[in-house]
Structure formats: C-alpha cells, structure tokens
1. Can you give the relative contact order of the chain as a percent, counting alpha carbon pairs under 8 Å and 6+ residues apart?
2. Give me the orientation-averaged projected area of the Cα convex hull of region 117-264, in nm², one decimal.
3. Taking the 0 to 90 degree range and rounding to the nearest ten, how far is the long axis of helix 148-172 tilted relative to the main principal axis of the chain, both from C-alpha atoms?
4. If you average over every viewing direction, what projected area does the convex hull of the Cα atoms of region 3-101 give, in nm²?
5. What number comes out for the charge environment of Asp22, summing +1 per Lys or Arg and -1 per Asp or Glu over other residues with Cβ under 12 Å away?
6. Taking every pair of alpha-carbon atoms in region 241-330, what share in percent sits in each 5 Å bin, from 0 to the bin with the longest distance?
7. Summing +1 for each Lys or Arg and -1 for each Asp or Glu, what net charge is found among the other residues whose Cβ lies under 9 Å from the Cβ of Arg59?
8. How large is log10 I(q)/I(0) at q = 0.11 Å⁻¹ when the Debye formula is applied to the Cα atoms of region 31-167, each weighted equally and without solvent?
Amino acid sequence: MKEATIDLWAKEIIKKTGFVLDKEIQRGYYYTSDKVRSINFGGKYKNKPAILKVYDDPRLTSEPMDLIAFNKQNKSKVLKAPAVYDYKMISAKRGWLIMEKIPANARCFVRPINPKTRKEITDLYLEYRKNFPTKPTRKLTLAENLSARDFHVFRINRWLQLANDKEAERMLEKKKPILNSKEFIPCFEKGMDLIRKEFKNRKMVWCHGHFNPAEIFKNPKDNTYYLLDFAHTKMYPEGYELAFIIWSDWITNADRRKPYVEWKKGIKEWVAEIGRIAGKLKIKNFQSLMRASLVERCLGTILADICATDKPEKEQRKRIDLIYGFLDEV
C-alpha cells in the first residue's frame, strides 16, 4: 500500500472507531523508506489513554489475536504486554488494533545496550519463555508446518529475491551492485550448507519472534517491563530468537566504524551471556546451534537489511565487510 493510501485509511479508522487522535508516534517500513507497513498513533479510546496501530504488511501477521493470547496466558508480575481494547483483521496482512498505552515513563533499551545490561535482557527472556504459550494459539500457516531446516531455507530464499530485485534496479540505473556475486555466492552456499546440516533435526518453537531490547520497555517506577510488537509471532526454528537478540542489539546497531576485532567481540560476549541460560532453556549443543543461527542472521542481514534497502552505499559496504569477516571465521 502506498504511503498516501495508508494515511487516508488511518483517518477513516480514526473516524469510525472514535479514537481521539493526539499525535503520530511511529512509522514502520518494509526495508525501504517508500514502503510504509504500519503507523502508530497516540490518543484516547473511550476516555482511556491508548495506541492505535494501523498495518498493511507484505508479510502475514495476526498481531491482535497473538497479543490477546499472550495476555490470557501470561501470569508474570514482572513482564507485561498492552491490553487490546478493540481490533479488526481485514485480511491476513492488513488490519488495525487499539491497545493500552503503556506508562509514560517506560522507556525501551537504547541499542546497542550496555554490556552490563545484557543479563537483564537474558533474565527477562527466561521470564518471557516461562509465560509465553508453549503451543500455537491459532492454526498454523503452510510455511509454519515446514521443518526447521526448510523453514530457514524458505525465508532466506525470500530475502535473496528481495536483494536480487534491488540489485537489478541498481544495474538498470547504471549503478554498481552492492554485492560482488563472485564473493557472495560461495559464502552464501557455504552458509546454507551449514544451516541445512544444523537444523535438519532441530525443532520448531512457537514464540514472539521479535524479542529484543527495542521491543522491551522498562518502567523504573516499579521495575516492570512491557513486551511490544506481536506482529511476528509464529513458529520459528529453535535458536532463532536467541540469535535475533544479538542481531537486533549488536549486528545491526553496533558502530560500523569499529575495527572488526572489536565489533566481533560484542557478538562473542552476547553468545557467552546467552550461554549462561542455555541449560535452563534445555538447549542441546548450544554452541553449534548458535553458530548456525548467527549464520542465518548474517545472511539475512546482508540480503534484506543491507542489500534490499536504500541505506547509504558507504554504510552498506562497511556493514557487509564486518559480516563477511564473521562468516569467514565461523
């Protein structure tokens, strides 16, 4: 949906629902700045402070249902999520929800987070897993029924398509491709071989899918936390969420100007911190799982989060160089 169209649609929803608009809070994009996938508004609903989220995502999402299901299951006194006041799922990709506004003084973690704060995140992860439904709370999609190995292959090939199309656009505009195929393809194939081997016998896990410091808001008044953005809840391969934490905090947000050795250190420190809770999560062969899960994150980052975006070319190439260095090692 074009930006102008989703804006017009949001105005219709505001009028129909009686949501009293205060201001726009955030826009979500699908890799490039011309593809708006969601808009969040602050305001009031039935005299209560509330947030309206309007979404039209290229990906499947059942966020209202998944958020409601978590709140029904959740017994934690520490980790919470906003209550849903009203919603409508127009299609499997399009809809809106009005939810509770979290306390005004609650703040998300600024990425990359302080190394001393990593334990706080991993402890919260244990609390989240203890209270998140262990079984799907809706019917699974076709792709969610794939094996862990084939699910990863399915998703990575979709990102390959995104990068392939973006690179074709660059070449049509007489621009130099971001990826050197002679360098990338051997790296890609080795990574895929490793992923296929590691996830051949790994399980799929029903999870939030976006657990990371940016989606966790801490209320300093009572030391409680709010988990947001249930738009990605689905079945994922074991280990995906753990690597996602590192990807979200460090791989995509650490200073790209850091020397490679220093940049790599952040990943290793994160792996060590997550390894601290591996036993409680009953993970077998943790190092092997994290190695393959991080390779999946790295390939996805190169293809979708770098190559398929409109980020400045200098930034794209520097981030790719750092990730290549890590892939060469693992």
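1. Over the chain, the number comes to 19 percent.
2. Over all viewing directions, region 117-264 projects a mean Cα-hull area of 12.2 nm².
3. The helix 148-172 is inclined about 80 degrees to the chain.
4. The Cα convex hull of region 3-101, projected and averaged over all directions, gives 6.8 nm².
5. +2
6. Taking every Cα pair in region 241-330, the percentages come to 3, 13, 26, 26, 16, 9, 5, 2, 0.
7. Residues close to Arg59 contribute a combined charge of +1.
8. -0.59
Read-outs throughout are calculated quantities, based only on the coordinates presented, and are distinct from any laboratory measurement. The shown structure was predicted, so the numbers you read here are calculated from the model rather than taken from an experiment. Here Cβ is always computed from backbone atoms with ideal geometry, including for glycine, and neighbour counts include all displayed protein chains.
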